[in-house]
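> Sharing a structure here in structure tokens format.
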Amino acid sequence: HAKAAGKRTCMCYTDSMAVDLRRRAHLISSLRRVVERGELRLVFQPQQVLADGRIDAVEALLRWDSPEHGSIQPDQFIPLAEDCGAILPIGEWVLQEACRTLAAWQRAGVSTQLSVSVNVSALQFLRSDLTQTVHAALTQSHLPPSALELELTESVLMANADVATERLQAFREMGVSIAVDDFGTGYSSLAYLHRLPINTLKIDKAFVDGLQLSGDSEDTTITTTIIAMARSLGLLVVAEGVETPEQLTFLQQQHCDLAQGYLISPPLEADACLRFILDVQQHTARHALAQPTTH
Ligand code: C2E
Ligand code: MG
Ligand code: MG
Ligand code: MG
């Protein structure tokens, strides 16, 4: 009896593994055709300057609406796309689409100061032709290099220190900014960071989640330390995943440069994001105009 039950358990286990493998294979074969089938779209999440309320940048975030699999989160399909190499054409599409969108927004009246941040995966970054892909995307949209920032995770930079320094230098020379994403989770040494030609640190949401105004949590200490470190290295610092007014107040008190998160805005469709940016632009312009009359 026990033997039969054991055997049944074992069979269920292998069955579900087979289902997982089949789903994985099916997802991968769909991912290979996702660009030409037009199943991808970008949403955009504003980053707000804490000192004056301006929207200085937006992060482009990828969405996949698959007719066969439904809506799949990037955390689920990007690792798969990375494993099978599909991330290369996908990443190229993301760069082109992000640049096209920003150029269209500029024609609709968005400040030329606004930049777009694009997430770059490990495989994409390690391929030597990324600089050409980036250059082509900018040229096709008639955008200057300063309009684009690339986001690389701290762990990608850490795992490939030598190649990373060389690649980042090429972007520095080109004039494209680099942000270190999910910062604080990857154990970078200060000496290593100091050598890297980067512009921005993005404090991981995990630390922002634990921020307390009373200032006595571990996350509060880590956040304060990252902000101080960014300042001393001459880097901009962005807090990710800001959800509460208390977190925002704390970040303002600590002179964090920018905030991104649901409190400011969730990721928005291109049209909705354009309206959001134009609204804030109008509001901050009125504010700036109103100031001289109060003297
Ligand atoms: P990430 O680059 O760290 O992006 C931030 C993630 O946090 C996004 O998730 C965003 O929607 C979410 N987020 C922003 N504010 C809040 C908040 O206040 N609360 C909460 N709970 N979440 C917030 P998303 O869009 O699901 O993307 C997940 C990850 O997938 C990204 O993390 C990035 O690593 C990757 N990814 C997204 N788009 C691309 C892409 O085009 N290329 C590559 N290589 N990776 C991408
Ligand atoms: Mg990012
Ligand atoms: Mg992040
Ligand atoms: Mg990330």
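All of the numbers you see were taken from the coordinates with simple rules; none came from a lab. Remember, predicted model here, so these are calculated numbers, not experimental data. Every residue, glycine among them, receives a Cβ derived from its backbone with ideal geometry; neighbour counts consider all protein chains shown.
> How large, in Å, is the range 99-186 by the Kirkwood hydrodynamic radius built from its alpha-carbon pairs?
Values: mean 1/r = 0.0735 Å⁻¹.
It is 13.6 Å.
> If you don't mind, another one. Starting from the alpha-carbon convex hull of the chain, give the projected area averaged over all orientations, in nm².
20.6 nm²
> Semi-axes, largest first, in whole Å: what does sqrt of 5 times each Cα gyration tensor eigenvalue give for the range 31-163?
After scaling each eigenvalue by five and taking roots: 24, 19, 15 Å.
> Rounded to whole Hz and in sequence order, give me ³J(HN,Hα) for the range 242-254 from the Karplus expression 6.51 cos²θ - 1.76 cosθ + 1.60, θ = phi - 60°, writing x for Gly and Pro.
6, 10, 10, x, 5, 4, 5, 4, 4, 5, 5, 4, 8
> Then there's this: Rounded to the nearest 5, what is the percent of antiparallel bridges among the DSSP beta bridges in the range 4-160?
Just about 60 percent of them are antiparallel.
> For the range 190-295, which chymotrypsin sites (Phe, Trp or Tyr not before Pro) pass both filters: DSSP loop (anything but H, G, I, E, B) and at most 14 other C-beta atoms within 10 Å?
Filter output for the range 190-295: Tyr262.
> Let me ask something else about it. What is the spin-label model distance, in nm, from Ser155 to Arg33 if the labels are put 7 Å beyond Cα along the C-beta direction?
Going from the Ser155 label point to the Arg33 one covers 3.2 nm.
> Given the DSSP H assignment, sum -39500 (n - 2.57) over each helix run of at least 4 residues in the chain and divide by its residue total; what's the result at 222 nm in deg cm²/dmol, nearest 500?
-17000 deg cm²/dmol, from helical runs alone.
> Sticking with this one: Output the peptides 45-52, 264-271, 17-24 sorted from most to least packed, where packing is the average of other Cβ atoms within 10 Å over each peptide's residues.
Sorting 45-52, 264-271, 17-24 by mean packing, highest first, produces 45-52, 264-271, 17-24.
> Using 0.36 nm times the number of residues separating Ala288 and Ala25, minus their current alpha carbon distance, what extension gain do you get?
Result for the pair: 89.1 nm of gain on full extension.
> So what's the angle, to the nearest 10 degrees on a 0 to 90 scale, between helix 270-293 and the longest Cα principal axis of the chain?
Tilt relative to the chain: about 20 degrees.
> Counting residues in the range 147-293 as N, plug N into 2.2 N^0.38 Å and put the Cα Rg over that result.
Taking N as the residue count of the range 147-293, the ratio is 1.16.
> Please report the spacing between the Cα centers of the range 168-185 and the range 188-234 in Å, no decimals.
The distance from the Cα centre of the range 168-185 to that of the range 188-234 comes to 16 Å.
> Against the longest principal axis of the chain, how steep is helix 218-233, in degrees 0 to 90 to the nearest 10, with axes from Cα atoms?
60 degrees
> In a GNM of the chain with a 10 Å cut-off on Cα contacts, which of Pro89, Pro144, Pro67 has the highest mean-square fluctuation?
Evaluated over the chain, the most mobile residue of the options is Pro67.
> Report, for the chain, the % of DSSP beta bridges that are antiparallel, rounded to 5. If you can, show how the numbers build up before the last one.
On the way: 15 of 37 bridges.
Antiparallel bridges: around 40 percent, rounded to the nearest 5.
> Between Val163 and Arg107, what is the label-point separation in nm under the 7 Å Cα-to-beta-carbon projection?
3.7 nm
> Output the 0 to 90 degree angle, nearest 10, between the alpha-carbon long axis of helix 161-174 and the longest principal axis computed from the alpha carbons of the chain.
It is inclined by approximately 40 degrees.
> Write out the GluC sites (Glu not before Pro) in the range 36-120 meeting two conditions: DSSP loop, and at most 16 other Cβ atoms within 10 Å of their Cβ. Could the numbers behind the result be given before it?
Details: sites: Glu36, Glu39, Glu59, Glu68, Glu82, Glu92, Glu97; in loops: Glu36, Glu39, Glu68.
Here the sparse-neighbourhood loop sites are Glu36, Glu68.
> Using 0.36 nm per residue, how much length does the chain from Asp83 to Ser217 gain when fully extended, once their Cα-Cα distance is taken away?
Contour length minus Cα-Cα distance gives 44.5 nm.
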